[in-house]
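Novice: Attaching a single structure in structure tokens format; questions to follow.
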Amino acid sequence: MLSRGDAVVYKCKGMYKVEDIGTLDFSFADRNKKYYTLQSIEDSRDRAYVPTDDESNIRRPVSREEALELIDRMPDIEVLRVKNEKFREQEYKECISDFCPENWVKVLKTLYKRTKSRGSITSMDRKYQMLLEHALYSEFSFALGVPVNQVTRVIAEHTDKAGAGKK
């Protein structure tokens, strides 16, 4: 059970704080149900309402140690093996449906590799790249206590050190 003020990751949308817990005064809401009112940490206009009895779309953010451990493992995380181009988007969706940062990295690595080999990025790939970079970087920013715009630098520095240690 979450409490007011707790930080959560909501789907692939980034970091939110639990602003309130209770019933909602909206016509679409079940008046007998309690909801978490989530407020985006980055966008004051972005709120989400999640039933307290269904936490499948929210989770606690990774810790600093978990973020650094995942960054260390990034070079070893496999890319997706898309068997049929017609189902590429479905495979992306299936991979990220658990909202797990490691799977976000797997899809991002797949997108980067695909873009590099093609020499360009498709609009669908760009959509997933933007979505997942935002989700991953906002969570890492929160976990590591650095601004979002410095996360790529932290990842690069950390993976360079990890790579140097393996040689």
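Read-outs throughout are calculated quantities, based only on the coordinates presented, and are distinct from any laboratory measurement. Please read all numbers here as calculations on a predicted model, not as lab measurements. Note that each Cβ is placed from the backbone with ideal geometry, even for glycine, and that neighbours are counted across all protein chains shown.
Novice: Write out the GluC sites (Glu not before Pro) in the range 46-80 meeting two conditions: DSSP loop, and at most 10 other Cβ atoms within 10 Å of their Cβ. Intermediate results must be reported in sequence, preceding the final value.
Specialist: Values: sites: Glu55, Glu65, Glu66, Glu69, Glu78; in loops: Glu55, Glu78.
Sites meeting the loop and neighbour criteria: Glu78.
Novice: Calculate one ³J(HN,Hα) per residue across the range 45-61 by plugging θ = phi - 60° into the Karplus curve 6.51 cos²θ - 1.76 cosθ + 1.60, and present them in order as whole Hz with x for glycine and proline.
Specialist: Going residue by residue, I get 8, 9, 10, 9, 10, 10, x, 5, 8, 9, 9, 5, 9, 10, 7, 6, x Hz, with x marking Gly and Pro.
Novice: Within the range 78-100, name every residue whose backbone N is under 13 Å away from a label modeled 7 Å from Cα of Thr159 along the Cβ vector.
Specialist: Counting only backbone N, you get 78-79.
Novice: Right, another one. At most 10 other Cβ atoms within 10 Å and a DSSP loop assignment: could you name the trypsin sites (Lys or Arg not before Pro) in the range 51-152 that fit? The partial results should precede the final answer.
Specialist: On the way: sites: Arg59, Arg64, Arg73, Arg81, Lys83, Lys86, Arg88, Lys93, Lys106, Lys109, Lys113, Arg114, Lys116, Arg118, Arg126, Lys127; in loops: Arg81, Lys83.
Passing both the DSSP loop test and the Cβ count: Arg81, Lys83.
Novice: On to the next question. Could you check the simple spin-label distance between Lys127 and Lys93, using points 7 Å along Cα→Cβ, in nm with one decimal?
Specialist: 1.0 nm
Novice: Got a sec? Charge dipole of the chain, +1 on Cβ for Lys and Arg, -1 for Asp and Glu; which of Ile121, Cys12, Asn32 is way out at the positive end?
Specialist: Highest projection toward the positive end goes to Ile121.
Novice: Starting from the Cα of Lys33, draw a straight line to each of the aspartates and glutamates and keep only those under 13 Å, dropping any in the same chain fewer than 8 residues away.
Specialist: Cα-Cα hits under 13 Å: Asp25, Asp53, Asp54.
Novice: Determine the calculated [θ] at 222 nm for the chain from helices alone, applying -39500 (n - 2.57) to every DSSP H run no shorter than 4 residues and normalising by the residue count; nearest 500 deg cm²/dmol.
Specialist: On the way: 5 runs with 75 residues, N = 167.
For the chain, the value works out to -14500 deg cm²/dmol.
Novice: For Phe28 and Arg45, compute 0.36 nm times the residue count separating them, minus their Cα-Cα distance, and round to one decimal in nm. Kindly include the intermediate steps, with their values, before the conclusion.
Specialist: On the way: separation 17, 0.36 × 17 = 6.12 nm, distance 1.96 nm.
Extra length from Phe28 to Arg45 when fully extended: 4.2 nm.
Novice: Return the single residue from Ser27, Ser117, Ser63 with maximal mean-square fluctuation; model: Gaussian network over the chain, springs between Cα atoms under 10 Å.
Specialist: Comparing Ser27, Ser117, Ser63 in the GNM, the peak value goes to Ser27.
Novice: List the aspartates and glutamates whose Cα sits under 20 Å from the Cα of Lys116, skipping any in the same chain fewer than 8 residues away.
Specialist: Cα-Cα hits under 20 Å: Asp76, Glu78, Glu85, Glu89, Glu91, Asp125, Glu133.
Novice: Report the equivalent ellipsoid semi-axes for the chain in whole Å, largest first, defined as the square roots of five times the eigenvalues of the gyration tensor built from alpha carbon atoms.
Specialist: Details: eigenvalues 195, 84, 34 Å².
Each semi-axis is the square root of five times an eigenvalue, giving 31, 21, 13 Å.
Novice: As a quick test, which of the pairs Lys17/Lys106; Lys83/Lys106; Lys11/Lys86 have an alpha carbon distance above 22 angstrom in this structure?
Specialist: On the way: Lys17/Lys106 26 Å; Lys83/Lys106 15 Å; Lys11/Lys86 25 Å.
From Lys17/Lys106; Lys83/Lys106; Lys11/Lys86, over 22 Å: Lys17/Lys106; Lys11/Lys86.
Novice: Using only the C-alpha atoms of the range 7-59, find the volume of their convex hull and express it per residue in Å³. The partial results should precede the final answer.
Specialist: Working: hull volume 4.1 nm³, N = 53.
Cα-based convex hull of the range 7-59, divided per residue, equals 78 Å³.
Novice: Per the Debye formula with a single identical scatterer at each Cα and no solvent contribution, what log10 I(q)/I(0) holds for the range 92-164 at q = 0.25 Å⁻¹?
Specialist: -1.20
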